[in-house]
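Structure, as structure tokens:
The values are calculated or read from the model by the stated rules, or taken from the named source; none is laboratory data. A quick note: this is a predicted structure, and the numbers were derived from the prediction, not measured. Here Cβ is always computed from backbone atoms with ideal geometry, including for glycine, and neighbour counts include all displayed protein chains. Calculation scope for accessible area: heavy atoms of the full protein, side chains included, ligands and nucleic acids excluded. Shrake-Rupley method; radii C 1.70, N 1.55, O 1.52, S 1.80 Å.
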Amino acid sequence: MALTQVSSNKCSDGYQKVFEHDSSELKCKMKFAIYLPPKAESSKCPVLYWLSGLTCTEQNFITKAGSQQVASEHGIIIVAPDTSPRGCNIEGEDESWDFGTGAGFYINATQEPWKTNYRMYSYVTEELPRLINSNFPADPEKMSISGHSMGGHGALICALKNPGKYKSVSAFAPICNPIQCAWGQKAFSGYLGPDKSTWELYDATVLAESYSGPELDILIDQGRDDQFLSSSQLLPDNLIAACSKKKIPVVFRLQQGYDHSYYFIFSFINDHIKHHAKYLNA
């Protein structure tokens, strides 16, 4: 599958690049960002996949999070895809910021008119890793996943639905129980339809309740002053309760004074990359 390089910038002794390709899953052109640490010039490196939140593109993480220095030090490739298909000319795709463009929710839609293009779950778990493993010096046996908000939800469900596929998982302010919050209910009813049993397939709290796989070490940071925590969009307590019932280890850190923004992510991204490095470089 042909990749077109959109940009390349030297950063922390490695290269921050953006590529574009025709996606077979999403039936449109997609961009992804990839950070190649200096180690990638001489050997295969593990890969951390980063999933961004509502309204984001592949640009937000690479320009705001400050992940490159610590990724360079630990020899980790970081791949950051876009958050949805783009330019599919679906009626209504650009009407709201929390549904459609920039809001793919990392699920495979089953409803018209979304089901042909809105297959971000398969894109992130299958097509993108295949693309990365065949075009870059990536170690296919060593992947981890992380994300923020909607992307934190994405990271958690990808790890919980695929036991053993990811060595570790972390999240910043994830949407932990989407079937119980307004964002999730809007997205899931649109993409998946009225049958709520299908929603449960993409809800981290529900998936944790039935998880049986290799031990998964979860790190979650949550800003205490996050407006979406107080408006009950994120519901971390529900996930923590489910994990403790199943004895899934979770380190949950409530960070005093921090909000939902990239200033918060920037402040703790080093801890997250070190968390993943512990498993990826083991």
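Here are a few things to note about the model shown:
- Here the Karplus relation 6.51 cos²θ - 1.76 cosθ + 1.60, evaluated at θ = phi - 60°, turns the backbone of the stretch 232-237 into coupling constants of 6, 8, 9, 6, x, 4 Hz, with x for every Gly and Pro.
- Partner lysines whose Cα lies under 22 Å from the Cα of LYS245, excluding those fewer than 8 positions away in the same chain, are identified as LYS161, LYS167.
- Residues considered: GLY193, GLY14, GLY92. Largest GNM mean-square fluctuation over the chain, using C-alpha springs under 10 Å, is found at GLY92.
- Using C-alpha pairs below 8 Å separated by at least 6 residues, the relative contact order for the chain is 17 percent.
- Highest-fluctuation residue, LEU234, LEU51, LEU128 considered, GNM on the chain with Cα pairs under 10 Å: LEU128
- Distance between the stretch 167-207 and the stretch 14-35 - C-alpha centres, whole angstrom: 25
- What you get for the stretch 3-281, charging only the Cβ of Lys and Arg (+1) and of Asp and Glu (-1), is a dipole of about 640 debye around the Cα centre.
- Phi to ³J(HN,Hα) by Karplus 6.51 cos²θ - 1.76 cosθ + 1.60 over the stretch 3-18, Hz, x for Gly, Pro: 10, 10, 6, 8, 7, 8, 9, 5, 7, 6, 6, x, 10, 9, 10, 10
- SER24 contributes about 60 Å² of solvent-accessible surface, heavy atoms of the protein only, 1.4 Å probe.
- Extended-chain gain in nm, criterion 0.36 nm per residue less alpha-carbon gap, PHE252 and ASN89: 54.7 nm
- With the helix formula -39500 (n - 2.57) applied to DSSP H stretches of n ≥ 4, the chain reaches a computed 222 nm mean residue ellipticity of -8500 deg cm²/dmol.
- A simple rule links phi to the HN-Hα coupling: the Karplus curve 6.51 cos²θ - 1.76 cosθ + 1.60 with θ = phi - 60°, which for the stretch 185-194 gives 5, 5, 5, 5, 5, x, 7, 10, x, x Hz, with x for Gly and Pro.
- Answer label, with Rg and Dmax of the Cα atoms in Å calculated from the coordinates and candidates (i) 17.4, 51; (ii) 20.3, 67; (iii) 18.6, 58: (i)
- The candidates THR116, THR198, arranged from most to least accessible area with a 1.4 Å probe in the full protein assembly, appear as THR116, THR198.
- Close amide H pairs (under 5 Å, H built 1.01 Å from N) link LEU48 with ILE77, ILE78, VAL79, SER144, residues at least 5 positions away or on another chain.
- Result for the chain in a Gaussian network model with C-alpha springs under 10 Å: among ASN117, ASN108, ASN238, the largest mean-square fluctuation is at ASN238.
- Of all accessible heavy-atom area on the chain, the percent that carbon and sulfur account for (1.4 Å): 48
- For the stretch 176-282, the convex hull drawn through the C-alpha positions has a volume of 118 cubic angstrom per residue.
- Other-chain or far-sequence residues with amide H under 5 Å of SER168's (modelled H): ILE145
- Long-range HN-HN contacts of SER7 with modeled amide H, under 5 Å: VAL18
- A dipole drawn for the stretch 3-281 from +1 and -1 charges on Cβ atoms has a positive end, and of GLN180, PHE99, LEU128 the residue lying farthest that way is LEU128.
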